[in-house]
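The values are calculated or read from the model by the stated rules, or taken from the named source; none is laboratory data. Treat the numbers as computed from the prediction; the structure is a model and nothing was measured. With ideal geometry, Cβ positions are generated from the backbone for all residues, glycine too; neighbour counts draw on all protein chains shown. Remember, those area values only see protein heavy atoms, side chains included, never the ligands or the DNA or RNA. Shrake-Rupley method; radii C 1.70, N 1.55, O 1.52, S 1.80 Å.
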2 protein chains.
Amino acid sequence: MVRTRATVRDLRKQNRSVLLTALFLDGPLSRQQLSASTGLSAATASTITGELLDEGLLVEAGSVESDGGRPRVLLRVNPAFGHVIGVDVGETGIKVELFDLAMTRLSTVDQPLGFVEPVAVSELIAAGVGEVLTATGVAASSVLGVGVGVPGTVERGTSAVVHAQTIGWDAVPLEKMIREAGVEPPLFVENGAKTQGQAEMWFGAGRGAGHAVIVLVGSGVGVAVVTDGVVHRGATSNAGEWGHTTIVYGGRRCRCGVRGCLEAYAGAEAMLARYREALRRNDPEADQQSALEALLSSRSAVARRVVDESVGYLGAGIANLVNLFNPERVVLGGWAGLALGARKLDEIVAATADHALRHPYGQVRIELGRTGPDAVAVGAATLPVAALLDSGADPRSARVSGF
Amino acid sequence: MVRTRATVRDLRKQNRSVLLTALFLDGPLSRQQLSASTGLSAATASTITGELLDEGLLVEAGSVESDGGRPRVLLRVNPAFGHVIGVDVGETGIKVELFDLAMTRLSTVDQPLGFVEPVAVSELIAAGVGEVLTATGVAASSVLGVGVGVPGTVERGTSAVVHAQTIGWDAVPLEKMIREAGVEPPLFVENGAKTQGQAEMWFGAGRGAGHAVIVLVGSGVGVAVVTDGVVHRGATSNAGEWGHTTIVYGGRRCRCGVRGCLEAYAGAEAMLARYREALRRNDPEADQQSALEALLSSRSAVARRVVDESVGYLGAGIANLVNLFNPERVVLGGWAGLALGARKLDEIVAATADHALRHPYGQVRIELGRTGPDAVAVGAATLPVAALLDSGADPRSARVSGF
DNA sequence: CCAAGTTACTTCGCGCCTAAAAATAAGCCT
DNA sequence: AGGCTTATTTTTAGGCGCGAAGTAACTTGG
């Protein structure tokens, strides 16, 4: 971490951020509790919360009676201070959701989309954003930001650029395009696996863990690695390409062209392909989701073998992550991950134990994901919230959108 | 990152740290340059450096003539402010080195050790520390800290505990033992691969990279992952067990008991074992180092095949790291890594390219390590230095040892 | 040799900041 | 009602970085 110089203003900003984050994550708290949990003096906690109340970021939320003293007044983040929007760009459609600052869902729009073309996607996003706003009567000016979860990797620079081989996107300047389609609030474009990981960390099975690995098994596989509470991004925001790590050197050819990638063994697509091969059939399923369900519940020896092998590969893949990252928690999510995990979690855990080193394995807890089907959108919506919390909502820093 | 409350004192501490770090890493600088490079105002840079000069942390280092103005006075970290000691606990012996604060080596002691037994190791370390001090006449009180690089993983708690399956250490409270053997300065126990990675980052091929992966190939293989300039440790400091990630599912049995670990293919021991098997010989080499040299320079088809295969496995293993961490730089080190890399770096790079995703691969530069055989000791010695720099050498914080 | 010019560094006053102490608010209990 | 307890606000004190205004230490050009 390259630390940099700080001024007295940064102090205030940081302490605002600390208080705001504590209130956001741990619900209503009194100034007293805030002082205790953050380490700030009661005086400072009081001054700063007073400021935040004046600015409309906080509101009072009742009081707790005491046993013989002045009752403590509870404070919480003002849900009406602003709104955030989360967008899930999937391979079959686009979901746009509007939340208030307490992350209560106010409106949802689903738009199916056959062919994923950047211009069409941008326009659908802009339309969806307009729709959720008019449906709820929320003013565009109250939107703190729009988070967008996309497939593929996102390169962050002055403006986010998306690379997604599977849908044929090569260096698509999506942020610029969405802006040009008419979306005004600040944009936060991020890989969908990472936004889903974020959702799992804040609201799901990752809560409370500082070091966690969120494994997402869908058609393919992905991972979000959280270190010290922060999603790991690497030098150019491309980190976390777990699906294309080699796990069977010289093995099956993956759609990325390389042999032996984990994704050639452990995603829903790979499982179904291996099943087809075992049965010498050659007709790809129309609906992966129900095909996987059928495979998982089949009692045929072939199906059972395919599933058991998949569990082995997945366990080895998870063990690699455990060895490399030494997390306290592994969360297994994604639609296929949840379907497989619902039936085979113990076997997956056992396979992980077989392949991981004893010591890091001993530190980890492996759980199923607990976020719903809109986890990508929820996670995307948390991005502007995180930005607000991290900045301490500093009223002195220039804000692009007028809120 | 869990940010925490800050006081006005933390400000000064942080700015001291920033200045001190800039001076340590980028050699002598004038107050003027410091002000420009850190962003601190000239006034503050001057005040703080004045303080640091008074405390003896900095010294003047000549001046640069100007073209028509007051010449700038150069400042640098005072090499004589204190000393640091680095210890390398290897499988064949213990090396203790003394450095001044400019990391100039003042004295070295090598002590061979056959059987690596914790008590004996602790006593040898204490003896070595005493020896380098008396040899140079440096007072124990001027030693800022002793860094110790050990095989295996180090669990940091109130006192460091070492787990090293390969040498039969299971939860050895090494820090406590070294202390009891009579070493007084603050101790910093860390995994040897990580200390070597640290050395490579500060003084070797990793310089300037914020995100890097230091790959160490010796008898086995290890890695140090650097994220944002900081060595990644995970929840319990066990992160980075690359050697025991599965790369050939169901493959060769590794000494850890699992099948298909990278270490069963890519370290010197594995290469020699595979060569022996190919030749149907059964006599382990007495000296791995010269045996590997012989293997690498052999022109026999069998030797060439073993080496080429190893290059492939190693490349795939590196590609996994590139995909997962998206580093800007990969440094290949370790005695076997350097030996192999000296002859086959291009092939290793090509094998990495074959297995990595195009995009993250496009961001990375793969280089040979540039630190010498005492990299582990040098890296260990940097640990107390890093602690000093990070703390801003705050004279107000209580110090255990009297310096 | 001296004055003017130039650049590096210091000093001082201001506006902020947090902490500690003191004061005040708002309940409970008898 | 009065004492007691606890929460919050106000006051005061000690720090900090910055900008402006000096001051120091040279070079240059006559």
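For segment B:295-308: of the residues being surrounded by fewer than 17 Cβ atoms within 10 Å (Cβ to Cβ) and under 30 Å from the mean Cα position of the chain (by Cα), which is nearest to the other protein chains (Cβ to nearest Cβ)? Talk me through it step by step, then tell me what you get.
Looking only at segment B:295-308, we keep the residues that are surrounded by fewer than 17 Cβ atoms within 10 Å (Cβ to Cβ), and these are B:297-302, B:304-305, B:308.
Checking the rest, the ones that are also under 30 Å from the mean Cα position of the chain (by Cα) come to B:297, B:308.
Working: B:SER297: 26, B:ASP308: 13 Å.
Across segment B:295-308, the extreme among qualifying residues is B:ASP308.
Has segment B:163-173 got any residue that is crowded, with 22+ Cβ neighbours inside 10 Å, more than 14 Å from chain A (Cβ to nearest Cβ) and modelled with pLDDT of 95 or more?
Scanning segment B:163-173, I find no residue that is crowded, with 22+ Cβ neighbours inside 10 Å, more than 14 Å from chain A (Cβ to nearest Cβ) and modelled with pLDDT of 95 or more, so the answer is no.
Say whether the condition of being surrounded by 21 or more Cβ atoms within 10 Å (Cβ to Cβ), closer than 17 Å to B:GLY192 by Cα and under 21 Å from the mean Cα position of the chain (by Cα) is met by at least one residue in segment B:135-144. Show your work before the answer.
Kept after step one, since they are surrounded by 21 or more Cβ atoms within 10 Å (Cβ to Cβ), are these residues of segment B:135-144: B:143-144.
After this cut, where a residue has to be closer than 17 Å to B:GLY192 by Cα as well, the list is none.
Looking through segment B:135-144, none of the residues is surrounded by 21 or more Cβ atoms within 10 Å (Cβ to Cβ), closer than 17 Å to B:GLY192 by Cα and under 21 Å from the mean Cα position of the chain (by Cα).
Looking at (1) surrounded by fewer than 24 Cβ atoms within 10 Å (Cβ to Cβ); (2) touching an Asp or Glu at 6+ places or on another chain (Cβ under 8 Å); (3) farther than 30 Å from B:LEU23 by Cβ, which one does B:LEU324 not meet, given that it meets all the others?
Unmet condition: (1).
When you scan segment A:336-359, do you find a residue that is within 14 Å of chain B (Cβ to nearest Cβ) and touching a Cys at 6+ places or on another chain (Cβ under 7 Å), even just one? Can you show your working first?
To start, the set of residues in segment A:336-359 that are within 14 Å of chain B (Cβ to nearest Cβ) comprises A:350-359.
Filter once more, keeping what is touching a Cys at 6+ places or on another chain (Cβ under 7 Å): A:357.
Yes; the residues of segment A:336-359 include at least one that is within 14 Å of chain B (Cβ to nearest Cβ) and touching a Cys at 6+ places or on another chain (Cβ under 7 Å).
Mind checking which residues of segment A:145-162 are open to solvent by 20 Å² or more (accessible area, probe 1.4 Å), free of Cβ contacts under 8 Å to residues at least 60 places away in the same chain and not in a loop (DSSP other than H, G, I, E, B)?
A:VAL161
For segment A:222-247, what are the residues that are open to solvent by 20 Å² or more (accessible area, probe 1.4 Å) and hydrophobic (A, V, I, L, M, F, W, C)?
The answer is A:VAL230, A:ALA235.
Within the group B:LEU53, B:LEU11, which residue is within 11 Å of DNA strand C (Cβ to nearest atom) and within 9 Å of chain A (Cβ to nearest Cβ)?
Working: B:LEU53 fails: within 9 Å of chain A (Cβ to nearest Cβ).
It is B:LEU11.
Within segment A:23-43, restricting attention to residues that are buried (at least 18 other Cβ atoms within 10 Å of the Cβ) and within 12 Å of chain B (Cβ to nearest Cβ), which residue is farthest from DNA strand C (Cβ to nearest atom)?
Only one residue fits best here, namely A:LEU34.
Could you check how many residues of segment B:169-186 are of a type outside the set (A, V, I, L, M), farther than 14 Å from B:GLY157 by Cβ and out of contact with any strand residue (DSSP E or B) (no Cβ under 7 Å at 6 or more places or on another chain)? Walk me through it before giving the result.
Kept after step one, since they are of a type outside the set (A, V, I, L, M), are these residues of segment B:169-186: B:169-170, B:173, B:175-176, B:179-180, B:182, B:184-186.
This time we only want the ones that are farther than 14 Å from B:GLY157 by Cβ, so: B:169-170, B:179-180, B:182, B:184-186.
Going one step further and asking which of them are out of contact with any strand residue (DSSP E or B) (no Cβ under 7 Å at 6 or more places or on another chain), we end up with B:180, B:182, B:184.
Number satisfying all stated conditions: 3.
Can you tell me which residues in segment B:63-92 are within 11 Å of DNA strand C (Cβ to nearest atom) and not hydrophobic (A, V, I, L, M, F, W, C)? It would help to see each step written out before you state the result.
Our first condition is that a residue be within 11 Å of DNA strand C (Cβ to nearest atom); within segment B:63-92, this holds for B:63-75.
Across segment B:63-92, the qualifying residues are B:SER63, B:GLU65, B:SER66, B:ASP67, B:GLY68, B:GLY69, B:ARG70, B:PRO71, B:ARG72.
Name the residue that is nearest to A:THR227 (Cα to Cα), counting only residues in segment A:184-206 that are in a strand (DSSP E or B) and open to solvent by 10 Å² or more (accessible area, probe 1.4 Å).
Across segment A:184-206, the extreme among qualifying residues is A:ASN191.
Within segment A:270-294, count every residue that is surrounded by fewer than 21 Cβ atoms within 10 Å (Cβ to Cβ) and either in contact (Cβ under 8 Å) with a residue 40 or more places away in the chain or touching a Cys at 6+ places or on another chain (Cβ under 6 Å) (or both).
Total satisfying the criteria: 3.
Is it true that B:VAL129 is part of a helix (DSSP H, G or I), more than 16 Å from DNA strand D (Cβ to nearest atom) and buried (at least 21 other Cβ atoms within 10 Å of the Cβ)?
yes
Please work out which one of (1) in contact with a His (Cβ under 6 Å, 6 or more places away or on another chain); (2) under 21 Å from B:LEU338 (Cβ atoms); (3) part of a helix (DSSP H, G or I) is the condition B:ARG304 fails and give its number.
It fails just one condition, (1).
For the condition open to solvent by 50 Å² or more (accessible area, probe 1.4 Å), within 14 Å of chain A (Cβ to nearest Cβ) and under 17 Å from B:LEU216 (Cα atoms), what is the one hit in B:ARG370, B:ARG329, B:ARG365?
Working: B:ARG370 fails: within 14 Å of chain A (Cβ to nearest Cβ); B:ARG329 fails: open to solvent by 50 Å² or more (accessible area, probe 1.4 Å).
Just a single option satisfies the conditions, and that option is B:ARG365.
Which residues, taken from segment A:145-168, are more than 21 Å from the chain's Cα centre (by Cα) and not small (Gly, Ala, Ser)? Don't jump to the end; show me each part of the working.
Initial filter on segment A:145-168 (more than 21 Å from the chain's Cα centre (by Cα)): A:158, A:168.
Within segment A:145-168, just A:THR158 meets the criteria.
Kindly evaluate A:VAL89 against the criterion of being within 13 Å of A:LEU23 (Cα to Cα), open to solvent by less than 20 Å² (accessible area, probe 1.4 Å) and either touching a residue at least 24 places away in the same chain (Cβ under 8 Å) or not small (Gly, Ala, Ser) (or both). Spell out the reasoning first.
Details: within 13 Å of A:LEU23 (Cα to Cα): no; open to solvent by less than 20 Å² (accessible area, probe 1.4 Å): yes; either touching a residue at least 24 places away in the same chain (Cβ under 8 Å) or not small (Gly, Ala, Ser) (or both): yes.
So A:VAL89 fails the test.
In segment A:331-403, which helices (runs of 4 or more DSSP H) lie fully inside it and hold 2 or more residues that are touching a residue at least 40 places away in the same chain (Cβ under 8 Å)? Let's see the steps before the verdict.
Values: elements: A:335-355, A:358-362, A:375-391.
Output list reads A:335-355, A:375-391.
Does segment B:373-391 hold any residues that are more than 30 Å from B:ASN320 (Cβ to Cβ) and either open to solvent by less than 20 Å² (accessible area, probe 1.4 Å) or aliphatic (A, V, I, L, M) (or both), and which are they? Walk me through it before giving the result.
Restricting attention to segment B:373-391, the residues satisfying the condition of being more than 30 Å from B:ASN320 (Cβ to Cβ) are B:381, B:384-385, B:387-391.
Selection gives B:ALA381, B:PRO384, B:VAL385, B:ALA387, B:LEU388, B:LEU389.
Kindly establish whether B:LEU314 is touching a residue at least 12 places away in the same chain (Cβ under 8 Å), within 12 Å of chain A (Cβ to nearest Cβ) and in contact with a Cys (Cβ under 9 Å, 6 or more places away or on another chain). Walk me through how you get there before you give the answer.
Details: touching a residue at least 12 places away in the same chain (Cβ under 8 Å): yes; within 12 Å of chain A (Cβ to nearest Cβ): yes; in contact with a Cys (Cβ under 9 Å, 6 or more places away or on another chain): no.
No: the conditions fail for B:LEU314.
Counting only residues that are open to solvent by less than 20 Å² (accessible area, probe 1.4 Å) and among the hydrophobic types (A, V, I, L, M, F, W, C), how many does segment A:332-356 have?
Total meeting the criteria: 7.
For segment A:214-270, give me the residue count where each residue is more than 7 Å from chain B (Cβ to nearest Cβ), closer than 15 Å to A:THR153 by Cα and over 14 Å from the mean Cα position of the chain (by Cα).
Selection size over segment A:214-270: 4.
Go through segment B:44-76 and give me each residue that's open to solvent by less than 20 Å² (accessible area, probe 1.4 Å) and either within 11 Å of DNA strand D (Cβ to nearest atom) or among the polar types (S, T, N, Q) (or both).
Correct list: B:ALA45, B:ILE48, B:THR49.
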